[in-house]
Structure formats: C-alpha cells, structure tokens
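Worksheet for the structure shown next.
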Amino acid sequence: MTLAVRFNHIVKEFGPVRVLHGVDFALAPGRVYGLLGENGAGKSTLMKILAGYERPTGGQLLVDGVERQFADAREAEALGIALIHQEFNLAEHLTITQNIFLGHEHRKGWLLDTASMRSAAAACLEQVGLAVNPDARVADLIVAEKQLVEIAKALSRKARLLIMDEPTASLSSGETAKLFALMARLKSEGVTIIYISHKLDEMEANTDEVVVMRDGQFVTRALTADINRQQMANLMVGREVSDMFQPKQPPAAAAPVLFKVSGLTVPGWVRDLSFEVRSGEVFGFGGLVGAGRTEAFEAILGLRARSAGEIELGGERVDIRNPRQAMQHGLTYLSEDRKGKGLHVDLGLRENLTMMTLERDARPWLDIKGGRAALDKAIADFGIRMRDPNCAARSLSGGNQQKLALAKYLHSNPRVVVLDEPTRGVDVGAKRDIYALIHRLAAEGRAVIVISSELIELIGLCHRVAVLHGGKLQAVLDQDHLTEEELISHATNTRH
Amino acid sequence: MQPTPATNAAPAGFSFERLKGLGPVVALVLLCIAGAMLNPDFATFDNLMNVLTRTAFIGIIAVGMTFVIVSGGIDLSVGSMAALIAGAMIVMMNAIATGGALGPVATVAAGIALALLFGAVFGGVHGVLITRGRIEPFIATLGTLGIFRAVLTYLADGGAITLDMNLSDTYGPVYYQSVIGVPIPVWIFLLVAVAGTVILNRTAFGQHVQAIGSNEQVARYAAIRVDRIKVLTYLLLGICVAIATILYVPRLGSATPTTGILWELEAIAAVVVGGTSLKGGSGRIVGTVIGAILLSVIGNILNLTSIISVHLNAAVQGVVIIAVAYLQRGRR
C-alpha cells in the first residue's frame, strides 16, 4: 500500500534550456511533504516527471527501489501516482462521473457499466465533501467544485502517492479545511502526499516536512515543526524577505470619492450592494468563493446583467454597458481568470500590453514603434522577466504573466483599478512586487480595489475591507477591525 | 525567479518553423516548375495574366474570408451571395436602361454602387444574426446560402438573367480591358490584397480581429467591442463578394442558378492553404493570396497538359490541400 520515491540526479532540458540541474532527494511513504519554491524553480517539471507527463533528460527515478521510466501518465497511475493539476484537466461537456472514469471506464461486456461508475463516483465525491449530483455536467460547476472533482478523480484511481499543485488556490476557507481533513485521513491510510502551495501558512499547518527547490536544484529539507513561515520564505527566495507589505499610507483627509456604487443588484448573485472608494485608498473585498464579489464587478463593467444600481466615477453618474465604456470613464477590471479572461496567451507581449489602447494610439495605423517602447518601459517598471521580448505570453511564468496583465490593465491610465485575486498562483517574489505596485497606484491618487481570498493579503494591503456573504454586504471593516477573526466571522456569517 | 539566460538567441527550430510557414510558397513554386517543364506555354506572361484574372474572383472573396476566419467565424454563403448580387445587379441595370433616365456609363456605375450596397447589407445581416442573434456562424450562413440561391433562381425563373447588350458593351472592359498590360481584375485583386494586409496587420481593427479569434473572452474583458468587430468582418467580406461579383458579371453578362457554385469552399480552401487556422486567432493575407493562386494554377496546368484529365481538377486540388495542410500541421 505504501510507496517510496527517490529522485537520483534528475536532469531535464527543454531544447537548450536546462530547467532541472540534477535533483536528488527521497520521499518516505505515508508522509505529507510540502514542496517549496518560487515559480520557475522546477517544482512542476519535477512533479510532471514523477507523474509520467514528462521524461527526464538524465538521472533516475526510483519508485519503491525500482528504476522507472514512465512512457505516459497512465503507467505512473498504474503504480498509484496521481497528479492533480493546477489547471484543470476536465472535459467540460461531460458529467462528473464520466470525467472521473475517463479512460478507466467500467464495462459490462461491450457496454459501459454506468450504474457501478455512478455509485463509485458518488462515493469519491462524498470523500472529498462535495455535495453535488455525479450526473452534473462539469461545465455547470464553479471553480472550487471543479478542483474537488479533480481530487475525487485522483482518489478513484486508488492513488498511493498524490501530488497536489496549488489545490487551495480557488477554494474558500471552509472547503480548504475539508481538503486538509481529507489529506490527514489519506495520510493515516498510508498515502504519500506531495503538496505544492505558495500559501506558507497552509504549509506550516499541514505538512510533516518541507523540501525546498530553487533554480532547478534541491536546496534543503526540514521538518515543518522545526521552521517557521519566515524561514520558509527566506529559503525559497534565497534571501531575506524582510516584509511582504509596506506600511500603509492613509489617503489624505480631503481625498475625493472616486468611485461610488449604490444599490447594485445582480440577479442571482448580489443584493443591494453599496460602497465608495476614495482617491489614494486600497479597498478590499473579502468573502467566500461564490459570495458574489467577482459577479458584482462583472455587472458593474456591463459583462453581466444588473437589475438595479447606480455608479458614480469621479463624482459623476455614469452609465456603463460594456468594459469599453468603463475604460473611457477611467475604470478597468483585471479578472481572476488570467488565462481565460486576462491575457491572450497565444499573442505576443506587445500585443497584449497595448490591446486596450490600440484605437487611442492608432493614427490610423498601429503605432508599433510606440508599442515596443511601451513594452520596454513596462518590462522595466513592472519587473517582467522573460527570455525574449518577442515571445508569446504563454511562455512567461505565472508571476510574470500576472505582471504583464497588470501592465495591460494599467496601460490606459485608469483612475479606478479593480484587481481580482491579483496574486493567485504567483510566487513570493512576484507577490511582493505586486503589493508594492498596489501601494504605488494608491499613492498616485488612484482608487484601488482588491478582491482577494487571502486574508493576510487583505489585512496587509487594504485600508478598508468590505466582506460579502451570499451576495450581501456584511460589513466594511476599517483599519481597527481588520483581523482574520473578523474577516472570517463576517464571511461565513457566524458572527454573534 | 527564473534565471534570465544571457543570450536572446532565437530558439532552436526557428528556421524550420519558418519553412513550415512557407509551405504554400514552396508548393506553388514546385507546381510552376512542373508546369513550365510540361508545357512551354505555361511560363508565358499571357498565361500568367490568364491565371491571375481567373484567380481574382475567388482571391478577392478569400481576402474577406480571411478576416472572418481569423476572428473565429465562417461564411458558407459567399457563392450564393455572389450569384444573388449578380442577378439583382443585372435586373436593376436592365430596368434603369429600359427607363432610359441614365446613360449606359451612369447605369453601370449605379449597378456597381448597388452591388456594393447589397454586399454590405448581406454581410451586415450575417454579422447581426451571429452576434445579436447568437446563432453559430456555420448555421446562420448555411441558412442564407439556401435563401440567396433560391431567391436568385426565383428571379431568374430557373433560367438565366442576362445583361442588356448595350450595357454589356459598356461594362465589358471592366473584365476584359488591361492597364499597363495587366487586366483590370488583377489590379483590383492586388489592391484588395494590399488593403487587406494593411487592415489586418496595421490597424486597431485588424489587431482586434486577431484578438477575438485568439480568445473572445479575453478580448471582451479588454474593452474590445467584440460584437461590433465581428459584424464588421462579415460586412467586409460582403463587400469583397460584391467586388468579385462586379468583376464577374461583365465576363459572361448573365447570372444563372449555377453562378458561384462551390465558391465558398474554394475561398475557404484558399484561406486554409494559405496558413490561416480554421480555429482563428492568426492568419496572413499574403498566404491567402498564394493559396488562391495555387489552387487555380492546378486547374491551369491540367488544362495545358494532358497527363491528368481536367475532370480530375478537384481531385488534384484536394490532394494539394491535404499535402499543404500536412506540411503545416502541429504549428500550434
């Protein structure tokens, strides 16, 4: 039932680029390992090798002492190694049951044994604590539910070693707690778990041991009990991360209200939401997944129908029907879904950066020279790192893609910026850069709205935080009341 | 953080990637060499102009089709649309000539203006059906394909609509006349291709078309007026169809229920052979032009040589389409 793994000088090269420089370490069965490292450290590549998605260029992979060369993920799965992807590998049009058994269908002779698959799927869903019908189509699920389906799928394959890549990125705190309970149970059953996350508090609370990678190499390992969060962060970055957050500069007393929303109602999502944000203020939005935060702003942008509500920008009432009108009034919104809504990953960096301002700058031909200059400036200003400025956006690491997306949505010089989960799936170094940028935006006199599921982020970054629960505004917490306990109690509506 | 390599050298395989993009050019050059070897008449200026003139109709439509396909759409109706525009144009011009209010030149000019108007309206209707009506482009244009052709057949009463003889004499030079030795349709084809290239690569509109085809959601969030741009691509294609029709009508001086049959497939084939993905997102007008020429060179060579029957033209074209697609596979 148990399974031990040893990486023996694993090397991986993509063309001329070497991403793994001989990684050596071993994992004992039945433990929960935290794999730490910034984006680009090689964690994901190493895990893909372990799960059979990539083949090493050199070195050996030993599973239970036997050298293995997996031709594909199926062979790794046969040994009980399952990788839960950061980006979902689900067929949207199929049902949960069909997804769970995709490629491993139960058969009765020539026909599918749907009844047995359905009941097995229901059992797996119950294990992960997802109360939905196994016949529901995956396309109808919200992101957090899809994540749980991925985990259920791995469980159905009788995994003995489970690799989870940022599993909590899209989960609310309640769902996260359930996931950790599940991990503890699996561990007690002898399953080895490799857990990858940028959330160091989760690492601290849920792993037995952390393994640190940096620049394609194994750096060190330590028992989780022996080190604290600060030490983990320092090990990852390889330098002191003195402070993630800069001290907050309160907006000037006379700072005008730049953005005001009153009585916003989005059918099925948000009821009677009102708030205002002043120039120089960082205003947070907290709440559980599905509380209606994203939907509220999509409705403000005109991407979703709203049945009531007034919007004022810079003291003037405005009628916004689409993102373009919003931009013309000085409001831009960066979606939480970077690849699906934020960036054209197949297009180049310049095309992405100037996408929203093409028409403004065209006279009438595209200003390609100006675009190149703007890209050079953005690369410097936002600290975007890439191999080649002519590459497609998809070849950037997550953190750098996010910086590019921020640059894109700031390129039109908006007065009000809405950033939805601005640091999701981003490493510590990039996170700190983004926090510094948010402070800078506020200091320049803009109104900045940050929607975040990370409590520490809301507390460290925002002057005030609005908390939604079930589409209703529960509270607006000011500096004096901004604590994890307050945020959680309002978000879960368990305040007495 | 990722280490930044010291060099900005192009990644390996770059030149090979380049070569794949040149697939249609390579195919065209090989065909031309083969043609010249098989029949000395092939490599003459007259024959070149002949091929280009015949290519002009499909080529002009294919330029418009490139915009639609790059934006992630499709238009199956262009052949029927050309037939209906041709029929309607001839009926109108004959009516004006019978009325006698305008001279022949003014009548032809009015006919041309009407054709452009029809093309723009038909294209615009497609765009509105697809965006406002949220009907799949395939279905919407499959519907109008039937409608356009049926209306033409009705107008022609199952036979042919023929242009008035006097008007034919006035209008004929638009197809048959040459300027500096090059036939007018070839000039127009060149003009449309150049304009298309500039619009697709050098304007905000062109960039938005590519952005929508690459990922419509991202484009929507990036403050691009997605619906408006889509309508414009279909409208542009409608105008291209009208231009092709304007050049086509003086050639035969009539429109019949078989006018423009299968043009949609030839135009789509030219676009795809030219390297534009049917999934949208990226494409090149130059490629489309080469694709269109490639397909008509095949017919020309079969006409000039007797190795393969002309009746197998479509089969040879099919083989070439598949071969070029094979060369381009896996570029994404």
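The values are calculated or read from the model by the stated rules, or taken from the named source; none is laboratory data. This is a predicted model, so every value here is computed, not measured. As a convention, Cβ positions derive from the backbone with ideal geometry for all residues, glycine included, and neighbour counts pool all protein chains shown.
Scanning the range A:91-103 for residues that are surrounded by 21 or more Cβ atoms within 10 Å (Cβ to Cβ) and either assigned to a loop (DSSP other than H, G, I, E, B) or within 24 Å of the chain's Cα centre (by Cα) (or both) returns A:96, A:99, A:100, A:101.
Return the residues of the range A:260-282 that are buried (at least 18 other Cβ atoms within 10 Å of the Cβ) and touching a Phe, Trp or Tyr at 6+ places or on another chain (Cβ under 7 Å); say none if nothing qualifies. Listed by number, the residues that qualify are A:261, A:277. When residue B:91 is tested against (1) at pLDDT 90 or above; (2) buried (at least 21 other Cβ atoms within 10 Å of the Cβ), exactly one condition is not met: (2). Residues in the range B:194-210 that are touching a Gly at 6+ places or on another chain (Cβ under 7 Å) and more than 8 Å from chain A (Cβ to nearest Cβ) were compared, and the one that is surrounded by the fewest Cβ atoms within 10 Å (Cβ to Cβ) is B:199. Only a single criterion out of (1) farther than 14 Å from residue A:33 by Cβ; (2) surrounded by 21 or more Cβ atoms within 10 Å (Cβ to Cβ) is not satisfied by residue A:162, namely (1). Scan the range B:240-251 and give yes if some residue there is away from chain A (no Cβ under 14 Å), surrounded by fewer than 20 Cβ atoms within 10 Å (Cβ to Cβ) and touching a residue at least 40 places away in the same chain (Cβ under 8 Å), otherwise no. Yes, there is a match, as at least one residue in the range B:240-251 is away from chain A (no Cβ under 14 Å), surrounded by fewer than 20 Cβ atoms within 10 Å (Cβ to Cβ) and touching a residue at least 40 places away in the same chain (Cβ under 8 Å).
In this structure, does residue A:291 turn out to be part of a loop (DSSP other than H, G, I, E, B), buried (at least 22 other Cβ atoms within 10 Å of the Cβ) and at pLDDT below 90? Give the steps one after another, and end with the answer.
Working: part of a loop (DSSP other than H, G, I, E, B): yes; buried (at least 22 other Cβ atoms within 10 Å of the Cβ): yes; at pLDDT below 90: yes.
Against the criterion (part of a loop (DSSP other than H, G, I, E, B), buried (at least 22 other Cβ atoms within 10 Å of the Cβ) and at pLDDT below 90), residue A:291 qualifies.
Only one of the numbered conditions (1) modelled with pLDDT of 90 or more; (2) in contact with an Asp or Glu (Cβ under 8 Å, 6 or more places away or on another chain) is violated by residue A:50, and that is (2).
For residue B:57, the criteria (1) at pLDDT below 95; (2) in a loop (DSSP other than H, G, I, E, B); (3) within 25 Å of residue B:149 (Cα to Cα) hold in every case but one, which is (2).
Would you check if there is a residue in the range A:303-311 being assigned to a strand (DSSP E or B) and under 16 Å from residue A:332 (Cα atoms)?
Scanning the range A:303-311 turns up at least one residue that is assigned to a strand (DSSP E or B) and under 16 Å from residue A:332 (Cα atoms).
Once the range A:132-183 is narrowed to residues that are of a type in the set (Asp, Glu) and in contact with a Leu (Cβ under 9 Å, 6 or more places away or on another chain), the residue that is farthest from residue A:2 (Cα to Cα) is A:145.
Here's the yes/no breakdown for (1) within 14 Å of chain B (Cβ to nearest Cβ); (2) in a strand (DSSP E or B); (3) closer than 24 Å to residue A:207 by Cβ:
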{"position": "A:2", "(1), (2), (3)": "no, no, yes"}
{"position": "A:13", "(1), (2), (3)": "yes, yes, no"}
{"position": "A:21", "(1), (2), (3)": "yes, yes, no"}
{"position": "A:38", "(1), (2), (3)": "yes, no, yes"}
{"position": "A:46", "(1), (2), (3)": "no, no, yes"}
{"position": "A:59", "(1), (2), (3)": "no, yes, no"}
{"position": "A:75", "(1), (2), (3)": "no, no, no"}
{"position": "A:82", "(1), (2), (3)": "no, yes, yes"}
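Just the residues that are under 22 Å from residue A:3 (Cβ atoms) and either at pLDDT below 90 or aliphatic (A, V, I, L, M) (or both), please, taken from the range A:15-28. Spell out the reasoning first.
Of the range A:15-28, the ones under 22 Å from residue A:3 (Cβ atoms) are A:20, A:23-28.
Passing the criteria: A:20, A:23, A:26, A:27, A:28.
Does at least one position in the range B:257-266 carry a residue that is within 14 Å of another protein chain (Cβ to nearest Cβ), at positive phi and touching a helix residue (DSSP H, G or I) at 6+ places or on another chain (Cβ under 8 Å)? Checking the range B:257-266: not a single residue is within 14 Å of another protein chain (Cβ to nearest Cβ), at positive phi and touching a helix residue (DSSP H, G or I) at 6+ places or on another chain (Cβ under 8 Å). For residue A:220, indicate whether it is touching a residue at least 12 places away in the same chain (Cβ under 8 Å), closer than 30 Å to residue A:32 by Cβ and surrounded by 17 or more Cβ atoms within 10 Å (Cβ to Cβ). No.
Of these, A:224, A:176, A:168, A:265, which one is in the same structural domain as residue A:293 (by TED's automatic domain parsing) and of a type in the set (Ser, Thr, Tyr)? Working first, answer last.
Details: A:224 fails: in the same structural domain as residue A:293 (by TED's automatic domain parsing); A:176 fails: in the same structural domain as residue A:293 (by TED's automatic domain parsing); A:168 fails: in the same structural domain as residue A:293 (by TED's automatic domain parsing).
From the options A:224, A:176, A:168, A:265, the qualifying one is A:265.
Does the range A:401-430 hold any residues that are within 19 Å of residue A:465 (Cβ to Cβ) and either touching a helix residue (DSSP H, G or I) at 6+ places or on another chain (Cβ under 8 Å) or facing another protein chain (nearest Cβ under 10 Å) (or both), and which are they?
The first filter runs over the range A:401-430 and keeps only residues within 19 Å of residue A:465 (Cβ to Cβ), leaving A:416-424.
Passing the criteria: A:417, A:418, A:419, A:420, A:422, A:423, A:424.
Return yes or no: is residue A:30 buried (at least 17 other Cβ atoms within 10 Å of the Cβ), at positive phi and in the same structural domain as residue A:162 (by TED's automatic domain parsing)?
Numbers: buried (at least 17 other Cβ atoms within 10 Å of the Cβ): yes; at positive phi: yes; in the same structural domain as residue A:162 (by TED's automatic domain parsing): yes.
Taking the combined requirement at face value, the residue satisfies it.
Tell me the residue from A:361, A:381, A:367 that is farther than 25 Å from residue B:212 by Cβ and either away from chain B (no Cβ under 11 Å) or without any contact (Cβ under 8 Å) to a residue 40 or more places away in the chain (or both), please.
On the way: A:361 fails: farther than 25 Å from residue B:212 by Cβ; A:367 fails: farther than 25 Å from residue B:212 by Cβ.
After ruling out the rest, the residue left standing is A:381.
Results for (1) touching a Leu at 6+ places or on another chain (Cβ under 8 Å); (2) closer than 21 Å to residue A:302 by Cβ, shown as yes or no for each residue.
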{"residue": "A:314", "(1), (2)": "yes, yes"}
{"residue": "A:317", "(1), (2)": "no, yes"}
{"residue": "A:322", "(1), (2)": "yes, yes"}
{"residue": "A:334", "(1), (2)": "yes, yes"}
{"residue": "A:367", "(1), (2)": "no, no"}
{"residue": "A:375", "(1), (2)": "yes, no"}
{"residue": "A:378", "(1), (2)": "yes, no"}
{"residue": "A:402", "(1), (2)": "no, no"}
{"residue": "A:419", "(1), (2)": "yes, yes"}
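Please go through (1) out of contact with any Cys (no Cβ under 9 Å at 6 or more places or on another chain); (2) surrounded by 13 or more Cβ atoms within 10 Å (Cβ to Cβ) for residue A:151 and return the number of the only condition it doesn't satisfy. Condition (1) is where residue A:151 drops out.
Yes/no matrix, rows are residues, columns are (1) modelled with pLDDT of 95 or more; (2) in contact with a Lys or Arg (Cβ under 8 Å, 6 or more places away or on another chain); (3) not charged (D, E, K, R):
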| residue | (1), (2), (3) |
| --- | --- |
| B:196 | yes, no, yes |
| B:203 | no, no, yes |
| B:211 | no, no, yes |
| B:215 | no, no, yes |
| B:222 | no, yes, yes |
| B:225 | no, yes, no |
| B:244 | yes, no, yes |
| B:252 | no, no, yes |
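Within the range A:332-344, restricting attention to residues that are crowded, with 19+ Cβ neighbours inside 10 Å and either more than 10 Å from chain B (Cβ to nearest Cβ) or assigned to a loop (DSSP other than H, G, I, E, B) (or both), the residue that is nearest to the chain's Cα centre (by Cα) is A:336.
Only one of these is more than 19 Å from residue A:171 (Cα to Cα), under 32 Å from the mean Cα position of the chain (by Cα) and either in the same structural domain as residue A:152 (by TED's automatic domain parsing) or modelled with pLDDT under 90 (or both): A:139, A:121, A:115. Name it.
A:121
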